[in-house]
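In what follows, a structure is listed as structure tokens, so that the remarks can point back to it.
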Amino acid sequence: MTVSVAGAKRRQPSLSQLRAFAAVAEHLHFRDAAAAIGMSQPALSGAVSALEEVLGVVLVERTTRKVLLTPAGERLAIRAKAVLAEVGALLEEAEAVRAPFTGALRLGVIPTVAPYLLPTVLRLVHERYPHLDLQVHEEQTASLVEGLNTGRLDLLLLAVPLGVPGVVELPLFDEDFVLVTPLDHGLGGREGIPREVLKELNLLLLDEGHCLRDQALDICREAGREDADVTTTAAGLSTLVQLVAGGLGCTLLPRTAVKVETSRSNQLLTGSFAEPAPTRRVALAMRTGAARGAEYEELAAALREALRPLPVRVLGAAPSASAP
């Protein structure tokens, strides 16, 4: 048999040719190989011959009684099977991408949201999206936004607005802040507390970098507090609340955190502010034009319903893009 080496430089084998050759290598019989892959015997024989032409080597020895692989055919059969296996894996991966709520979803969450909302998020994903591989990353806002912009993260759960170009926010809910005080504090347990009291309180806040700290300082400035001096800070809300229980001052907590954080001590009281109470908004955030944007919007809608039992005001579904 004469083959063209020059042709091998110009052409590449087709998947049909590789599939035909792999079947012949497995069955060592043209009729059985053709039946196995649903191809006519003449077509299969032609595909193997065409592959030999493309590669420039003889792959099989044809006799009237049996088919044998040449030494080259034995070596290249292994390669052909590996190529077909990778193509199969590629098609499976593409199918997973086309199927909604499958594969990995890398979710970034801020520390002042994670302990209080993740139980609801994880339960929702487990029950409604069992084939979704949810991977959770707890980081501060700046790190999360960086991760979203670089593609390290797919979706964020955090307080908004972010004011970051190229990011779409899917609002979930608004929640009030409450005042947490020591047991013997004059404002402990009161309702309708005016914001103006924040001007005089010894307020304990989180460390720099936490968005909740910035929100609390904004609330204080709106209340007319000019100085933002804070003598004691904490890395997390749990420590912050224990400092309050120890009598070092007062703090502001989002309402979703109150039950978890105040249950650890009997030395605390909470008070509610007069309307309109200071609030924060929590949302999902995704890249503008995200390939899975429709999935994320569906997830946001499902999450809004799942969050209704919490002490929050669930919002509508309209997404908002951060201003440039």
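The values are calculated or read from the model by the stated rules, or taken from the named source; none is laboratory data. Only a predicted model underlies this, so the values are computations on that prediction, with no experimental measurement involved. Reconstructed Cβ throughout: ideal geometry from the backbone, glycine too, with neighbour counts over all protein chains shown. Quick note on the areas: whole protein, heavy atoms, side chains included, nothing else; ligands and nucleic acids left out. Shrake-Rupley method; radii C 1.70, N 1.55, O 1.52, S 1.80 Å.
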Please find the FRET efficiency linking residue 97 to residue 187, where r is the Cβ-Cβ separation and R0 is fixed at 51 Å, and quote it to the nearest 0.05. 0.40
Tell me which residues come under 5 Å, amide H to amide H, from residue 155 once H is placed; ignore anything under 5 positions away on its chain. 106, 108
Taking amide H atoms as placed 1.01 Å from N in the peptide plane, list the residues 5 or more away in sequence, or in a different chain, whose amide H sits under 5 Å from that of residue 134. 105
What list of ³J(HN,Hα) couplings, whole Hz, do you get for segment 256-263 from phi and the Karplus terms 6.51, -1.76, 1.60, once you set θ to phi - 60° and write x for glycine and proline? 5, 8, 4, 4, 5, 7, 8, 6
In nanometres, what is the gap between the two model label sites at residue 27 and residue 41, each 7 Å from Cα along Cα-to-Cβ? 1.0
Debye sum, Cα scatterers, segment 11-110, no solvent: what log₁₀ I/I(0) at q = 0.19 1/Å? -0.88
Whole angstrom only: what separates the Cα centroid of segment 99-122 from the Cα centroid of segment 260-284? 22
Classify segment 84-193: rounded, prolate or oblate, from the alpha-carbon gyration tensor (a ≥ b ≥ c, eigenvalue square roots; a/c under 1.5 rounded; otherwise prolate if a/b is larger than b/c)? prolate
Where is the GNM fluctuation largest for the chain (alpha-carbon springs, 10 angstrom cutoff): 168, 282, 24? 24
With r as the distance between the Cβ atoms of residue 79 and residue 142 and R0 = 56 Å, compute the FRET efficiency 1/(1 + (r/R0)^6) and round to 0.05. 0.70
Listed residues 36, 274, 294, most fluctuating in the chain (Gaussian network, C-alpha, under 10 Å): 36
Apply the Karplus curve 6.51 cos²θ - 1.76 cosθ + 1.60, θ = phi - 60°, to the phi angles in segment 196-206 and return the couplings in whole Hz, x for Gly and Pro. 4, 5, 5, 5, 10, 6, 7, 9, 9, 10, 6
For residue 167, enumerate residues with amide H under 5 Å from its amide H, sequence gap 5+ or separate chain, H modeled in the peptide plane. 288, 322
About the Cα centre, and with charges only on the beta carbon of Lys, Arg (+1) and Asp, Glu (-1), how big is the dipole of segment 87-245? Nearest 20 debye, please. 240
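Just subtract the alpha-carbon distance of residue 263 and residue 104 from 0.36 nm times their residue separation and send over the number in nm, one decimal.
This chain segment gains 53.8 nm when fully extended.
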Among the aspartates and glutamates, which fall within straight-line cross-link reach of residue 81, defined as a Cα-Cα distance under 12 Å, with same-chain neighbours fewer than 8 residues apart omitted? 26
Kirkwood Rh, the chain, all Cα pairs: how many Å? 24.5
With the chain treated as a Gaussian network of Cα nodes joined by springs under 10 Å, which of 193, 110, 37 yields the largest mean-square fluctuation? 37
Counting only DSSP beta bridges with both partners in the chain, the antiparallel fraction in percent, to the nearest 5, comes to 70
From the phi of every residue in segment 212-220, what ³J(HN,Hα) in whole Hz does the Karplus formula 6.51 cos²θ - 1.76 cosθ + 1.60 yield, where θ is phi - 60° and glycine or proline is x? 5, 5, 4, 5, 5, 5, 4, 4, 5
Given all pairs of different Cα atoms, what value in angstroms does the Kirkwood hydrodynamic radius of segment 259-312 take? 14.7
With every protein chain present, what accessible area does residue 195 have (1.4 Å probe, heavy atoms only), rounded to the nearest 10 Å²? 60
